[in-house]
1. Checking ASN140 against (1) closer than 18 Å to ASP33 by Cα; (2) touching a Cys at 6+ places or on another chain (Cβ under 9 Å); (3) open to solvent by less than 40 Å² (accessible area, probe 1.4 Å), which test does it fail?
2. Among the residues of segment 46-54, is any of a type in the set (Lys, Arg) and touching a strand residue (DSSP E or B) at 6+ places or on another chain (Cβ under 7 Å)?
3. Could you list, in sequence order, the residues of segment 125-164 that are part of a helix (DSSP H, G or I) and either out of contact with any helix residue (DSSP H, G or I) (no Cβ under 6 Å at 6 or more places or on another chain) or hydroxyl-bearing (Ser, Thr, Tyr) (or both)?
4. Can you go through ILE72, ILE81, ILE98 and tell me which one is part of a strand (DSSP E or B) and in contact with a Gly (Cβ under 9 Å, 6 or more places away or on another chain)?
5. Considering only residues that are under 20 Å from SER32 (Cβ atoms), open to solvent by 20 Å² or more (accessible area, probe 1.4 Å) and either in a helix (DSSP H, G or I) or in contact (Cβ under 8 Å) with a residue 60 or more places away in the chain (or both), which ones fall in segment 103-124?
6. Which of the following residues is open to solvent by 50 Å² or more (accessible area, probe 1.4 Å) and either more than 20 Å from SER43 (Cα to Cα) or in a strand (DSSP E or B) (or both): TRP168, TRP181?
7. What about ARG131, is it over 20 Å from the mean Cα position of the chain (by Cα), within 25 Å of LEU14 (Cβ to Cβ) and in contact (Cβ under 8 Å) with a residue 24 or more places away in the chain?
8. Would you be able to tell me the number of residues in segment 143-160 that are of a type in the set (Gly, Ala, Ser) and open to solvent by 30 Å² or more (accessible area, probe 1.4 Å)?
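The values are calculated or read from the model by the stated rules, or taken from the named source; none is laboratory data. Fair warning: this is a prediction, and the values are worked out from it, not measured in the lab. Cβ: placed from backbone, ideal geometry, glycine included. Neighbour counts: every protein chain shown. In case anyone asks, the SASA skips ligands and DNA or RNA and just uses the protein heavy atoms, side chains included. Shrake-Rupley method; radii C 1.70, N 1.55, O 1.52, S 1.80 Å.
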Amino acid sequence: MAVPEFETVETPRLVLRRLRAEDLDALVAYRSDPEVARYQSWSDYDAERGRKLIESMQGRQPGEPGWFQFAIALKNTDALIGDCALRTDEYDTRLGEIGFTLSREHQGRGLGTEAVRALLGYVFGTLNLHRVMAVTDAKNTAAATVLERVGMRREGHFLENIFFKGAWGDEFLYALLGREWAKR
């Protein structure tokens, strides 16, 4: 099945779009913020890493096997305030995983929930995925709240399953089926 060409996904306040070269400074600014990176896989995020991420997304389409990173931009200014991602399973492209990151100054206003809801609408609507999951650090209550708010179900609590930034950590696994999304 051919993957449709990605354009944008709009919400009342946001646009999910492709990352662009001009997003580099904003991307590096929030990803290098220790509070934003606290529960993420990266540390010491720099311009070279940001440039590689942006370049790696050129020519890719969400729904192809592997990760696709979406820019989260404010609708009224097009300013980059975060990013969200979809990883489509390489063995079964009907299965996916999502993730999201929001700059600290834009957290706590419902923008993360709005972005993840838009991403799920795209994933289940346009891409017609069967199941989507998300994994978050069990201490990241803000992310867990977003995932629950958009209707994802907590399916697992893994105890000390990951050695992360110098310590063993717990993770929550969330999931949602396309038919559950359609009924909401």
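1. (2)
2. Within segment 46-54, the subset of a type in the set (Lys, Arg) is 49, 51-52.
Now restrict to residues that are touching a strand residue (DSSP E or B) at 6+ places or on another chain (Cβ under 7 Å): none.
No.
3. Keep residues of segment 125-164 that are part of a helix (DSSP H, G or I), which gives 125, 141-149.
Passing the criteria: GLY125, THR141, ALA142, ALA143, ALA144, THR145, LEU147, GLU148.
4. Working: ILE81 fails: in contact with a Gly (Cβ under 9 Å, 6 or more places away or on another chain); ILE98 fails: in contact with a Gly (Cβ under 9 Å, 6 or more places away or on another chain).
None of the other options fit; the residue is ILE72.
5. Selection gives ARG104, GLU105, HIS106.
6. Testing whether each residue is open to solvent by 50 Å² or more (accessible area, probe 1.4 Å) and either more than 20 Å from SER43 (Cα to Cα) or in a strand (DSSP E or B) (or both) leaves just TRP168.
7. On the way: over 20 Å from the mean Cα position of the chain (by Cα): no; within 25 Å of LEU14 (Cβ to Cβ): yes; in contact (Cβ under 8 Å) with a residue 24 or more places away in the chain: yes.
Considered against the rule, which asks whether it is over 20 Å from the mean Cα position of the chain (by Cα), within 25 Å of LEU14 (Cβ to Cβ) and in contact (Cβ under 8 Å) with a residue 24 or more places away in the chain, ARG131 comes out as no.
8. Of all residues in segment 143-160, those of a type in the set (Gly, Ala, Ser) come to 143-144, 151, 156.
Retained after the next criterion (residues that are open to solvent by 30 Å² or more (accessible area, probe 1.4 Å)): 151.
Qualifying residue count for the region: 1.
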